[in-house]
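The values are calculated or read from the model by the stated rules, or taken from the named source; none is laboratory data. Quick caveat: nothing in here was measured; it's all calculated off a predicted structure. We place every Cβ from the backbone using ideal geometry, glycine too, and count neighbours over all the protein chains shown. Keep in mind that these areas ignore ligands, DNA and RNA; they rest on the heavy atoms of the full protein, side chains included. Shrake-Rupley method; radii C 1.70, N 1.55, O 1.52, S 1.80 Å.
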Amino acid sequence: MVERISREEVAHVARLAQLSLSEEELDSFTLQLSAVLDHAADLEALNVDDVEPSSHPIPLKNVLRPDEPTENFDIEEVFQMAPEIEENQFRVPPILGESQ
Amino acid sequence: MRAVEIAKQVSSGEISARSVLEQHFETINNLETQVNAFNIVTIEEALKEADEIDSKIASGEKLGPLAGVPIAVKDNICTRGLETTCSSKILEGWKPPYNATVIDKLKQADAILIGKTNCDEFAMGSSTENSAFGPTRNPHNLELVPGGSSGGSAAAVAAGFSPLALGSDTGGSIRQPAALCGVVGVKPTYGRVSRYGLVAFASSLDQIGPFANTVSDAALSLEIISGYDPRDSTSISEDSPDILGVLNEGIEGMRIGVIEELSGKGLDGISTDVLSRVEEATKVFSKAGAIVESASVPASTYGLSAYYVIAPAEASSNLARYDGIRFGPRTEAATTAETMTATRTKGFGDEVKRRIMLGTYALSAGYYDAYYGKSQKVRTLIMNDFAEAYEKFDILISPTAPTTAFPLGEKTTDPMQMYLQDVCTIPSNLAGHPAMSVPFGLGSDGMPIGVQILAPAMAEQNMFRAARVLELESGE
């Protein structure tokens with residue numbers, strides 16, 4: 001089987017997707033993703049130069065609603081599900097001085 | 001008992017909603033430890049609702065069309081105050097602050113939610129083995145998978161836990177488990193049913209639909225959950241279709257095409273058992289007065305490849321929101337960025353990680369045109385080929401799944417083999433068309449086989465009429 005994606009590329013996309021992979025996972029994901037991309041290579045044989053792309057099955061249009069106040073989520077209920085809050089705000093660990 | 005019958009008898013006071021529930025909970029008690037169809041069963045809440053329905057009946061109130069009918073709902077559909085996990089650790093314990101529109105519609109129809117069903121994590125899979133809460137098993141043979149990703153919903157109906165269930169279908173996740181469990185499963189036209197409150201996997205493909213034991217139960221539940229929703233900008237501004245009203249009109253003169261590319265020719269891996277049931281279905285349709293011919297949808301075989309680029313691409317974007325900041329469990333680390341990575345690494349299972357990475361890769365600089373751009377064009381080709389086929393035919397048929405149910409563990413280490421389960425169901429998602437699986441006999445292994453009926457957008461009525469003809473032949 002052709003290697004469609006390298007181990008380095010898998011490590012790169014994992015970083016982009018904010019996932020941390022072990023060495024073994026890097027090995028197995030490289031093989032598995034290669035197999036899927038290898039299957040997708042059957043598309044290479046298709047000539048679609050003159051075909052318009054479809055991002056969606058139905059024509060999308062902008063949908064607007066009247067700008068009227070409606071009932072919203074209960075703020076207590078929302079914050080109950082948050083990992084950490086402070087004064088009705090989501091609290092996060094430090095965002096500065098990050099080491100990569 | 002069928003949903004239609006339950007609603008009728010509960011409404012007329014012949015039976016109580018409580019007794020219906022107790023009967024189903026007894027079946028659940030007996031078999032659920034083996035099947036594992038549910039992530040959570042809501043006994044107390046359901047009994048309370050049943051008692052309310054019974055007292056309304058006693059005081060002469062008129063009830064909705066699903067009065068007292070138990071329904072199980074896939075665990076990726078939001079239920080206010082009730083855990084909605086998508087069978088993922090990353091949403092463990094999460095209670096949505098709102099109901100999906102379909103849940104509100106079911107409640108208005110006086111259906112009773114009895115629990116949330118197991119599924120592949122974030123609906124990614126074809127066997128319900130990718131669940132953080134353990135696999136669901138096929139009620140017909142516990143060594144085999146129920147299909148997926150809505151395997152819990154299919155198994156719940158097949159095992160008699162619930163006469164109705166809801167699932168979601170992005171590439172076949174309602175139809176394939178319906179086929180493997182021997183029940184009816186429907187993916188409606190894209191936009192027919194509101195996606196508000198359905199946890200997003202691939203937004204241009206996802207659609208909610210029903211599971212039932214009979215075609216008429218599926219029709220009834222689809223009528224109830226359909227309809228325009230201002231909270232879903234892709235929802236179609238049309239009323240629910242009257243399906244029950246046309247169900248028994250027959251198919252005299254209907255033009256039915258058998259998709260040759262998905263029925264043996266040009267496609268490996270479809271079992272002879274499955275092909276012979278599709279062949280048998282064509283005979284039933286001919287006997288019922290339909291004109292049955294071979295149909296060609298040449299690009300349909302490329303659907304699988306296009307899908308496994310498009311769906312992961314959309315998923316990689318949709319699943320970026322799970323970062324441990326606003327909801328769900330957090331894995332604490334020194335910084336916010338490290339917290340996000342730690343949370344996602346611990347919270348997502350392998351299949352979800354694979355798809356996120358595949359999608360991230362397909363959308364990344366240098367590969368976008370080769371993968372995502374090309375797949376979107378293939379999507380157009382498939383839509384064009386369907387449009388051409390539907391100039392000659394009213395509906396199309398094919399197998400639902402290439403095989404009957406397979407053993408647990410058989411395909412878990414080879415994702416590509418698992419993906420091939422969806423080869424016949426994916427084209428309808430890419431085109432946004434309705435399609436359903438109808439149980440039609442058994443394979444030589446004694447396991448159920450489903451025939452897939454496909455229709456153009458909005459043509460659910462014809463699709464159901466044909467499904468009813470097949471069902472009558474099976475003796476329902």
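For segment B:326-349, name all the residues that are closer than 22 Å to B:Asn130 by Cβ and small (Gly, Ala, Ser).
B:Gly328, B:Ala342, B:Gly347, B:Gly349 - these are the residues of segment B:326-349 that are closer than 22 Å to B:Asn130 by Cβ and small (Gly, Ala, Ser).
Residues to consider are A:Val48, A:Val78, A:Val10; find the one that is without any contact (Cβ under 8 Å) to a residue 40 or more places away in the chain and part of a loop (DSSP other than H, G, I, E, B).
A:Val48
Given the options B:Ile251, B:Ile291, B:Ile243, name the one that is more than 7 Å from chain A (Cβ to nearest Cβ) and either under 30 Å from B:Phe133 (Cα atoms) or open to solvent by 10 Å² or more (accessible area, probe 1.4 Å) (or both).
B:Ile291
If you check A:Ser54 against the conditions, is it without any contact (Cβ under 8 Å) to a residue 60 or more places away in the chain, in a loop (DSSP other than H, G, I, E, B), farther than 21 Å from B:Gly373 by Cα and at the interface with chain B (Cβ under 7 Å from one of its Cβ atoms)?
Criteria not met by A:Ser54.
Mind checking whether some residue in segment B:71-82 is away from every other protein chain (no Cβ under 14 Å), over 19 Å from B:Ile224 (Cα atoms), touching a residue at least 12 places away in the same chain (Cβ under 8 Å) and in contact with a Lys or Arg (Cβ under 6 Å, 6 or more places away or on another chain)?
yes
Considering (1) buried (at least 21 other Cβ atoms within 10 Å of the Cβ); (2) of a type in the set (Asp, Glu); (3) without any contact (Cβ under 8 Å) to a residue 12 or more places away in the chain, say which one B:Asp229 fails and leave the rest.
Going through (1) buried (at least 21 other Cβ atoms within 10 Å of the Cβ); (2) of a type in the set (Asp, Glu); (3) without any contact (Cβ under 8 Å) to a residue 12 or more places away in the chain one by one, B:Asp229 breaks only (3).
Do any helices (runs of 4 or more DSSP H) entirely within segment B:92-209 hold 2 or more residues that are within 13 Å of the chain's Cα centre (by Cα) and over 19 Å from B:Asn36 (Cβ atoms), and if so, which?
Of the helices (runs of 4 or more DSSP H) lying wholly inside segment B:92-209, those with at least 2 residues that are within 13 Å of the chain's Cα centre (by Cα) and over 19 Å from B:Asn36 (Cβ atoms) span B:175-181.
For A:Asn72, which of the numbered conditions (1) of a type outside the set (Ser, Thr, Tyr); (2) surrounded by 12 or more Cβ atoms within 10 Å (Cβ to Cβ); (3) farther than 30 Å from B:Thr301 by Cα fails to hold?
All conditions are met except number (2).
Can you tell me which of B:Gly264, B:Gly303, B:Gly269 is within 25 Å of the chain's Cα centre (by Cα), within 14 Å of chain A (Cβ to nearest Cβ) and surrounded by fewer than 23 Cβ atoms within 10 Å (Cβ to Cβ)?
B:Gly269
Aromatic (Phe, Trp, Tyr) and surrounded by fewer than 24 Cβ atoms within 10 Å (Cβ to Cβ) - does that describe any residue in segment B:94-104?
Yes, there is a match, as at least one residue in segment B:94-104 is aromatic (Phe, Trp, Tyr) and surrounded by fewer than 24 Cβ atoms within 10 Å (Cβ to Cβ).
Can you tell me how many residues in segment A:12-24 are surrounded by fewer than 18 Cβ atoms within 10 Å (Cβ to Cβ) and more than 7 Å from chain B (Cβ to nearest Cβ)?
Matching residues across segment A:12-24 total 5.
What tally of residues in segment B:318-359 results from selecting those that are closer than 22 Å to A:His39 by Cβ and open to solvent by 40 Å² or more (accessible area, probe 1.4 Å)?
Selection size over segment B:318-359: 1.
Can you say whether B:Ile243 is in a strand (DSSP E or B), β-branched (Val, Ile, Thr) and under 30 Å from B:Gly227 (Cα atoms), as far as the supplied structure shows?
Against the criterion (in a strand (DSSP E or B), β-branched (Val, Ile, Thr) and under 30 Å from B:Gly227 (Cα atoms)), B:Ile243 does not qualify.
Any residue in segment B:143-167 that's on the phi > 0 side of the Ramachandran plot and open to solvent by 10 Å² or more (accessible area, probe 1.4 Å): show its pairings with residues that are outside any loop (DSSP other than H, G, I, E, B) and among the aliphatic types (A, V, I, L, M) at Cβ separation under 9 Å, as long as the two are six or more apart or on different chains.
B:Gly160/B:Ile28; B:Gly160/B:Leu31
Would you be able to tell me the number of residues in segment B:407-431 that are open to solvent by 10 Å² or more (accessible area, probe 1.4 Å), farther than 20 Å from A:Ala41 by Cβ and out of contact with any helix residue (DSSP H, G or I) (no Cβ under 7 Å at 6 or more places or on another chain)?
The total comes to 6.
Which of the helices (runs of 4 or more DSSP H) found entirely inside segment B:323-441 contain at least 2 residues meeting this: under 30 Å from B:Gly257 (Cβ atoms) and within 11 Å of chain A (Cβ to nearest Cβ)? Let's see the steps before the verdict.
Values: elements: B:336-347, B:350-363, B:374-392, B:415-419, B:426-431.
Answer list for segment B:323-441: B:374-392, B:415-419, B:426-431.
Has segment B:201-209 got any residue that is polar (S, T, N, Q) and open to solvent by less than 10 Å² (accessible area, probe 1.4 Å)? Spell out how you get there, then give the answer.
Start the filter on segment B:201-209 by keeping residues that are polar (S, T, N, Q), which leaves B:203-204, B:207.
Those left that are additionally open to solvent by less than 10 Å² (accessible area, probe 1.4 Å): B:204, B:207.
Yes, because at least one residue in segment B:201-209 is polar (S, T, N, Q) and open to solvent by less than 10 Å² (accessible area, probe 1.4 Å).
What is the one condition in (1) open to solvent by 10 Å² or more (accessible area, probe 1.4 Å); (2) within 21 Å of B:Ser203 (Cα to Cα) that B:Leu472 does not satisfy?
Exception for B:Leu472: condition (2).
If I ask for residues that are among the acidic types (Asp, Glu), open to solvent by less than 70 Å² (accessible area, probe 1.4 Å) and either touching a strand residue (DSSP E or B) at 6+ places or on another chain (Cβ under 6 Å) or touching a residue at least 12 places away in the same chain (Cβ under 8 Å) (or both), which ones from segment B:1-47 would you list?
Hit for segment B:1-47 is B:Glu32, nothing else.
So, A:Glu44, is that one more than 7 Å from chain B (Cβ to nearest Cβ), surrounded by fewer than 14 Cβ atoms within 10 Å (Cβ to Cβ) and at pLDDT 95 or above or not?
No; evaluated as a whole, the condition is false for this residue.
Among (1) open to solvent by less than 20 Å² (accessible area, probe 1.4 Å); (2) closer than 28 Å to B:Pro298 by Cα, there is one condition B:Pro439 misses while meeting the rest; what is its number?
So the condition that B:Pro439 fails would be (1).
Within the set of pairs 6+ apart or on separate chains, which have a first residue in segment B:366-387 that is free of Cβ contacts under 8 Å to residues at least 12 places away in the same chain and basic (Lys, Arg), a second that is surrounded by fewer than 22 Cβ atoms within 10 Å (Cβ to Cβ) and in a loop (DSSP other than H, G, I, E, B), and C-beta atoms under 6 Å apart?
Between residues of segment B:366-387 that are free of Cβ contacts under 8 Å to residues at least 12 places away in the same chain and basic (Lys, Arg) and residues that are surrounded by fewer than 22 Cβ atoms within 10 Å (Cβ to Cβ) and in a loop (DSSP other than H, G, I, E, B), the close pairs are B:Lys377/A:Val48; B:Lys377/A:Val51; B:Lys377/A:Pro53.
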